[in-house]
Every structure is written in structure tokens, then in C-alpha cells.
1. Can you tell me the 0 to 90 degree angle between the C-alpha axis of helix 199-214 and the longest principal axis of the chain, rounded to 10?
2. Using r as the Cβ-Cβ distance of residue 457 and residue 191, and R0 as 30 Å, what FRET efficiency do you calculate, to the nearest 0.05?
3. If we sort 513-525, 336-348 on the protection proxy, mean other Cβ atoms within 10 Å, highest first, what's the order?
4. When only C-alpha pairs under 8 Å and at least 6 residues apart count, what is the relative contact order of segment 333-409, in percent?
5. Would you kindly state how much longer the chain becomes between residue 216 and residue 353 on full extension, computed as 0.36 nm times their sequence separation minus their alpha carbon distance, in nm to one decimal?
6. Can you tell me the orientation of helix 29-52 relative to the chain, as the angle in degrees between its alpha-carbon axis and the longest Cα principal axis, to the nearest 10?
7. Let a ≥ b ≥ c be the square roots of the eigenvalues of the Cα gyration tensor of segment 71-148; is it rounded (a/c under 1.5), or, if not, prolate (a/b larger than b/c) or oblate?
8. Residue 591 versus residue 102, label points 7 Å from Cα toward the beta carbon: distance in nm?
């Protein structure tokens, strides 16, 4: 057994603190990863100074600055960065949206066809385009598919997320996790993953997962949102939307909207102004209020009573402010659901601090976080990834929101900026990258970078769009956690953990030990980042395999597949968060639908690894 040294004790403490931070997210996970990286680099110089002062017995060896910063120059980090650019190039052509339109024509009102088409499309696409981007692109299509077919979107969105996960296991480039695991495998055992090396296992997993989602999973997935429901009903806005008219004796007459009602202590939002039959939307702030003006408001009953009394307003009788009312005007106003995407600059901000109303000329009427609905004091709510906003805005503003990477508009928006003429070019570039890597003409990182340049050279992407294409939080997360794996190896922490696993081999067969690695990694991934799970578990898996005289590559595959199948919590994988709000799910829905699938994969994947790759 490996003795517990000060180095092992320190790195274990850092890992435990990191796990807590990853799970609770007091700060974004990429910031936690960078903090871990900096802490690891500080351990040795700080303890050296403390030892010189006699405060500690001896310096604690850890990692060098070069090792600490190696994540930024790591082939996996650069490859993932390039794959984001390739995915964006394909996305800008609109090819996925065109495919979605053809699917909608095929599925009709059959829930079985809708579910089968959703899984059948997202799975294969996720093998070649980053699965997070794939779900972001397909989410509006699937929502509209459900609405046209009078199906609850809740029945389709969770399968969309799950299918993107096991679809990402079809090829090396399906997820950033695969690319990171390949680099770790190359460094530890000299065996990087081939482009299609585990495709046969990925197909088995996908077939099993699809069969589950079409049968047992279909009946376990709840219909949280009613089919074809008015958005104001879906967000239960009946008691919060009303219309008022300005009396001639109102103190508001002659004042600007901003001075009178926007900049006020009242919890009220102005949705629209009707004057002489003409409807006005944002920006309303500079408009002067006239007697007879009719305002549509979002507020609660108590505030409304006080508002009527203080500001000289009258209720408009027998008016129901619903979706049809809010979208009836000729001014092109729309009521849409907008999801906060990962990496959004609004995460951690409030609507007020982000200046949402003025920046986007849009009004937020409600916010849904899973099953929690918020319709009061919205300006002060700190936004999270996956939050779904009920937004009213003009067509132009909705198009700007749809084009903004901070958001996913959950309804399909007709866009005119797709480069459909570049579809063959973009797909050809991706095919070239795959072929170059598959036949070992050049390393995957070189092929991916060349493909990224090709996207710009052929005008599939403009140079200014390249940096916006990259999810920088993922890049910094990778760069930050890679040194943690190095520290585990350098200090002997990986060997110590491997010893504990090896002890189980005295009572379990080798296949069961492989299953243990799969299960532990899968459970870990449900509460922390999938990339962090791979970095923590791959070195342990290699050590354990070598001590058991087993195939280290097979153990690495078990960890890799487990890290990309986090079905049991909305926080386990970014795609789960994408659908959390739009599907109106509860936290327990993921456990109910995902736990049986996780158990099935815990049996199927180790068996598949043993069959295809041996033990």
C-alpha cells in the first residue's frame, strides 16, 4: 500500500474542496478550475517559505509552474477549441434547421414519430458536432415540433438531452470529454483514441438508450407542460397581467414613462402602450404619458390596488391579457421563451444589473427555474444557466436575442442570416477533418485547427465570429483541471486510490471491478463537471488496471463513457440544464427517468467493453 505523504494529503484536500465547489457552484466551474490550478502551483513555493521559517517540517512537493500551465497548451484543450469553431461553421449554414423542417413534415401529430425523430436526429449529429451545440440548435425545433403535434414538450426535451449524450459517444469528436480522455490515455499508456475506435460500442449504447427512451423512458417522462398551451397560462400569469387607463387627473400625465413608472419602487413592468389604437413596445421609457393612454402591466394584485390609488389609473374592464392579446398588434410583437445558455454573460447577473430591458428592448414577464415560477421582483433575481424567461419583444428584438449566444430562443425564429450556399463547403470541411484524423494523416489537433482555418477561408465563418464561437468557460475549465490529474500522479494520490479499488478484486471478478469504475465515475459526473470526472478518474483507472494486470485502455474507456452519461441530475451535464426550464421539469424527474437508464448502462457498457476490447 502507498503511504500517505504530505503531498497526498494536500492534493486530497484540494480535490475535496474542488468537488464541493464544483457541486455547489459558489462561482462558475471554470473559475473553480483556475483556482485549483493556481493553488497547486502555490503549494510547493509557499511550503518552502514556511519550512524556512520553521512553521512546517519540510516543503511539500507538488507541480511546477510549467506543469500547472500545461493545460493551456494541451492538445485536448486546443482540439476542443477548434471543434467549437467547426461546429459554429456548420451551424451558421442553417443545415440543422433545414433538417428539422423536413422532420416536422414527417412526424405530424404522432408522439411516437416525434420522439423517434428527435432521438434519431440528435444522436448521429452529436457524433460529429459538439453535443452541447447540437441541443442548443435543436431545442427550438423540438419545441415547435411538440406544439404543432399537440404534444407536451416535456415528453421530447429530456430524451433530446439524453440522446445527445450517448450520441456523443459515437466518435472521438462527439464531446470534449472524449478528446480530453484521449489525451490522457496517450500520456499515460501511449494509446490515444482513434476517430472511430469505440464507435461499435457507441452504437450498442445508442441502440440500448434509444430502445429505453422509446419504451420505459417514454412512460416515465412526465408531461409537465400541457400541449399547445398559451404561454401566459403556462407561466400562470392570469393574476399578474392587466390593463389600466390613465385618467385625466392622473399625476402621471405629461411625465415620461421612465420617470413615472419604470424608475419606481412599485413592483411593476410596462408591457405595452396603446394610444389611439396604435400599440407601442420597448423602448417605452422616453415616451410622454397622455390622458387616455392604456398600459398593459405585469404586477401583483396588492401592488395594483396601491398603484391605481396613488397614480390615478383605472382598470380596463372585461379585458383578459393573454398570449393572443399580447401578440395581436400589427407592430410585430411576440411572446417567446428565452433560455439562458451556458457561458452567458448574464449568468450571475440580475435583469436590473444587466440592463436587460434597455439593452434588448424586451420585457421579462416571468422566470421559470425547473418547476419554480417567479413573477414578482424579477429585476433582483440572479440568473442561472437554464433559466427560462417569458419575454415580450418586437420581431426585430427576438431576432437579435436569437442571434445572441447568451440566449436560446425556445421557439423557431425565421432568420435570414444563414449561409445556405455554404452547406456543402462546411460539411466537406468537417468530413475532411474526420478523414484526416481517422486515417492518421495528421493528429486530430492539427486536422481540427486546419478545418477551423478552412471555415474562415471559405467564408463559412467571418473572422469576427471565430472568438464568439468558442465556449471559453469550457476551455478554461479544461486548462484548469488538467494539472489536477498531473498532481494526483506526481504525489501518488492516484496510486493510493487505485490500491483501494484493487482490494475489491479479492471479492469481485474483473468485469465487476470495471463496472465499479463505471458506476463511481457516473455518480461523480452527476454532481461535478464531466471533464473534471475524467481528469480525476482516468489516472486511478490506469493505476488499478496495471496492478490487476488488466487492460488499462478498457478501464479508460469505462471512465470515458461514464463521464458522458450523467442522466440523474439537471446539473450533471450542460444539455440537461438546457431543457430544465423549457421542459418545466422537477429535479426528481431526472432521477426517475435517468436512474434506470444509468443502471442499464452500468451493465451494458462494461459488457460491451469486455466483448469488443477485452479485459
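Bear in mind that the values in this text are calculations on the coordinates, not laboratory data. Everything numeric in this text was worked out from a predicted model, so none of it was measured. Don't worry about glycine lacking a Cβ; one is built from the backbone with ideal geometry, like all the others, and counts go over all protein chains shown.
1. 40 degrees
2. Values: r = 34 Å, r/R0 = 1.12.
After rounding to 0.05, the efficiency reads 0.35.
3. Details: 513-525: 23.2, 336-348: 20.7.
Going from most to least packed, we get 513-525, 336-348.
4. Numbers: 149 pairs, mean separation 37.3, N = 77.
Worked out over segment 333-409, it gives 48 percent.
5. Values: separation 137, 0.36 × 137 = 49.32 nm, distance 4.47 nm.
Gain in length upon complete extension: 44.9 nm.
6. Orientation of helix 29-52: about 50 degrees from the principal axis.
7. Values: a/c = 3.38, a/b = 2.55, b/c = 1.33.
Taking the square roots of the gyration eigenvalues as a ≥ b ≥ c, segment 71-148 is prolate.
8. 4.3 nm
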